[in-house]
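Please treat every number below as a calculation from the coordinates, not as lab data. Everything quoted here is computed from the prediction, not taken from an experiment. Note: ideal-geometry Cβ built from the backbone for every residue, glycine included; neighbour counts use all protein chains shown.
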Amino acid sequence: MARIPLIEKKELLPPEHHRIYDVIAQSRGAVRGPFTALLHSPEIADRTAHLGSYIRFESQLDPKIIELAALVASRELECRHEWAAHVAHAARAGISQETIRAIHQRQGPENFSFEEAQIVSCVQELLCSHRLSEATFQALYARLGEKGLVELTATIGYYAMLACTLNAFEVASVSPPEDLKI
């Protein structure tokens, strides 16, 4: 049960903020997850949704990279809602069940393909030691270039911010498969 009332209906907002609710609903199909808490500050919800729309739908990054980063970030931060949502998104993006299970079990980069290991290392390093090792930085810089590496870093930060919101207010409206619960 969430720690604060969740804003799941437009009518719970003052009329001047209905547009924000509508934009979020239109871009995501519904208002759910972190936005039900973030709407207590409509301007933050609006700006977060705008950033998220870029990251999820307009970034130059391959959708597999975005979903892998989201999945690892949600697992590292033990965010039940994001984890459950991104298990499904990751599978649709083409990430194998073996990779999803390895992330769930918090296996090290050596248990992933070379390309996946780079992303897993990047997320784990940023969220655990708060820095990128020179090896990880150089490998991803060579692979993604400056813009791609900036977008990957922002993607990790975006999902970490959502995890903080979801965890702080105990929002978890999506359930993962039984064998992948956190």
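The value of relative contact order for the chain, using C-alpha pairs under 8 Å at least six residues apart, is 32 percent. Taking a Cβ cut-off of under 14 Å around Val120, the surrounding Lys, Arg, Asp and Glu residues balance to a net charge of -2, with basic ones at +1 and acidic ones at -1. Figure legend: label point modelled 7 angstrom from the Cα of Cys128 along Cα→Cβ; residues of the range 65-88 with amide N under 19 Å from it are 68-80, 83. In whole angstrom, the chain maps to an equivalent ellipsoid with semi-axes of 29, 18, 14, each derived as √(5λ) from the alpha carbon gyration tensor and ordered largest first.
Which residues does a label at Ser173 reach in the range 35-63, if reach means a backbone N under 14 Å from a point 7 Å past the Cα toward the Cβ? Under cut-off, by backbone N: 35-40.
A convex hull fitted to the Cα coordinates of the range 10-58 yields 67 cubic angstrom per residue. In terms of other Cβ atoms within 10 Å, Glu110, Glu125 run from fewest to most in the order Glu110, Glu125. Taking the chain as a Gaussian network of alpha-carbon nodes connected by springs under 10 Å, the highest mean-square fluctuation of the residues Glu170, Glu67, Glu43 belongs to Glu43.
Seen from Ala30, the other residues with C-beta closer than 13 Å to its C-beta sum to a net charge of +2, counting Lys and Arg as +1 and Asp and Glu as -1.
When the charge dipole of the chain is built from unit charges on Cβ atoms (+1 for Lys and Arg, -1 for Asp and Glu) and taken about the Cα centre, the candidate among Leu149, Ser96, Gln138 whose Cα reaches farthest toward its positive end is Ser96. If you take all other residues with their beta carbon under 10 Å from the beta carbon of Phe137, and give Lys and Arg +1 and Asp and Glu -1, the sum is -1. With each label modelled as a point 7 angstrom along the Cα→C-beta vector, the Arg106-Cys164 pair spans 2.1 nm. Taken as entire DSSP H runs, the helices of the chain that both span 30 Å or more between Cα atoms along their own long axis and average 0.0 or more on the Kyte-Doolittle scale are 134-168. Shape class of the range 35-91 from the Cα gyration tensor (axes a ≥ b ≥ c, square roots of the eigenvalues): oblate, since a/c reaches 1.5 or more and a/b does not exceed b/c. Semi-axis lengths, largest first, of the ellipsoid equivalent to the range 79-166 are 20, 16, 13 Å, with √(5λ) applied to each eigenvalue of the Cα gyration tensor. Note on Lys10: aspartates and glutamates with a C-alpha under 15 Å away, same-chain residues under 8 apart excluded, are Asp22, Glu43, Asp46. Dipole magnitude for the chain: about 300 debye, using +1 per Lys or Arg Cβ and -1 per Asp or Glu Cβ, origin at the Cα centre.
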